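Worksheet for the structure shown next.
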Amino acid sequence: MHSAARLDTLGTEQAYVVLAAARRLEAAGHKVVHLEIGEPDMPTPPHVVEAGVRALRDGLTRYALAAGVPELRDAIARSLATRGVRATAENVVVTPGAKPALFCTALSLIAPGDEVLCPDPGFPIYESVVRFAGGRPVYYPLDETREFAPHVEAIAERITARTRVLILNVPHNPTGGVATTRDLAVLADLAQRHDLWVISDEVYGQIRYDGRRDSIAALPGMSDRTVIVDGFSKGYSMTGWRLGYGVMPASLTDAMTTLIINNVSCTATFVQYAGIAALTGPQDAVTRMVAGLRAKRDLLVRGLTAIDGISCASAAGAFYCFPDISGVLERTGGGLTCKSFAERLLAEQHTAVLAGTAFGPGGEGHLRLCYATEPAELERALAAIRRLVGKLAPVPAD
Ligand code: PLP
């Protein structure tokens, strides 16, 4: 018996493969440093947990409306003002995480043969859902000389008569890069001139170190052609609650809601009440987390750039470093790729990171490290990388 052929187009996330390998080492009694999974390390803020528990006790345990609890849709619409986006509850569809919002958006917008501009390196699920919807991913690079901002000229060059959607991810996984105000304006102009939809994945929008909070959807003419994909996983440390949303022109919400009805019926009702508390309650836990993450980023970037053969940008968002280790790989005479380096780092030094190529061919020569963990763990990871680099490619004495 075989599954239907359409499933052959679906990809996966390497992070889960590496996590499984790391867990096997732990089961064998080893201590592993985990920098592979992209997850905040603070607990969900207590008032959010309390709101979820209270909702359960109050009997909010039945189906919700498919597009979401009206109070949550309204709270989400209001919260968008901080990024300059004007929306009402009619523009919001609540989903069990940002991923389903992305999946439903892809199925709603992409027709067979459509070309979709995707970042490379980029979140691997973009390619996966674009192919599943029958579209063709067309990869655009990031500008490494500008801390991995989207390369707007390269995007412009790749637009054809078949291009239907531009996927943007700001701040960006795996690099932490952000777009400047000018980049967003140029991209908005391109989208309007070429009649493109924009899927703007803003799941790391709260985790920024430059104090900015913006969205391409806020620019003139863009709310009619943008779907914001967002959620509570990263900013409020709610990865296991499964709560996300899409914000879109009201004309698209019926299609999205139909997909929800056919798929999950609705997002867990009590979880949505926790989401209302997250958005409308105190934000100090988020502010503290972002300040802590900034110090961790600085620690890791300092430690990585001190290693001969490694360079690392200090990116303005998310909780990832994306060091270029090609100097180290070259010293091994080409015998090692970033993937085999990451595998050896896990097998020999018990430190789990992802190869840059887990995010597409544009990640060659890089690693992705999630620094949302204790500083002592980051120090251990740095020591492990130094040991492996020293073993692989001794720096010749002059
Ligand atoms: N988009 C990006 C860029 C991500 O990195 C992730 C999670 O890693 C998601 C979306 C999915 O988030 P959620 O947990 O809300 O489904």
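Listed values, structure above:
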quantity	calculated
Average accessible area per residue (Å²) across the chain - probe 1.4 Å, nucleic acids and ligands excluded	42
Of all accessible heavy-atom area on the stretch 325-380, the percent that carbon and sulfur account for (1.4 Å)	53
Separation of alpha-carbon centers, the stretch 335-398 and the stretch 224-265, rounded to whole Å	35
Per-pair calculated FRET efficiency, R0 = 22 Å: Tyr63 and Asp224 via Cβ, rounded to 0.05	0.10
Local net charge near Ser326, Cβ-Cβ under 15 Å (Lys/Arg +1, Asp/Glu -1)	-2
5 angstrom amide H check on Tyr139, placed H, neighbours 5+ away	Cys118
For the stretch 156-221 versus the stretch 294-328, the gap between their alpha-carbon centres in whole angstrom	24
Residues whose placed amide H lies under 5 Å from that of Leu367, excluding near-sequence neighbours	Ile325, Gly356
Nearest-10 value in Å² for the accessible area of Ile307, using the 1.4 Å probe	20
In Hz, Karplus ³J(HN,Hα) per residue of the stretch 144-160 (6.51, -1.76, 1.60; θ = phi - 60°; x = Gly, Pro)	5, 6, 10, 6, 6, 5, x, 7, 5, 5, 5, 5, 4, 5, 8, 6, 10
Computed helical MRE - 222 nm, the chain, DSSP H runs ≥ 4 contributing -39500 (n - 2.57), nearest 500	-12500 deg cm²/dmol
Angle in degrees between helix 375-392 and the longest Cα principal axis of the chain, rounded to the nearest 10	50
Residues with amide H under 5 Å from that of Val227, placed H, sequence gap 5 or more	Val198, Ile199, Ser200
Which of Asp143, Asp189, Asp8 is most accessible, then next, and so on - probe 1.4 Å	Asp8, Asp189, Asp143
Virtual spin-label span in nm between Ala347 and Arg213, 7 Å along Cα→Cβ	4.6
In sequence order, calculated HN-Hα J values of the stretch 38-47 (Karplus, 6.51, -1.76, 1.60; Hz; x Gly/Pro)	x, 8, x, 9, 7, x, 4, x, x, 5
Size of the stretch 101-146 as Cα extents on the principal axes (Å, biggest first)	35, 21, 13
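The values are calculated or read from the model by the stated rules, or taken from the named source; none is laboratory data. Keep in mind it's a predicted model, so treat the numbers as computed, not measured. FYI the Cβ positions are ideal-geometry reconstructions off the backbone, even for glycines, and counts take in every protein chain you see. Accessible surface areas use protein heavy atoms only, side chains included; no ligands, DNA or RNA. Shrake-Rupley method; radii C 1.70, N 1.55, O 1.52, S 1.80 Å.
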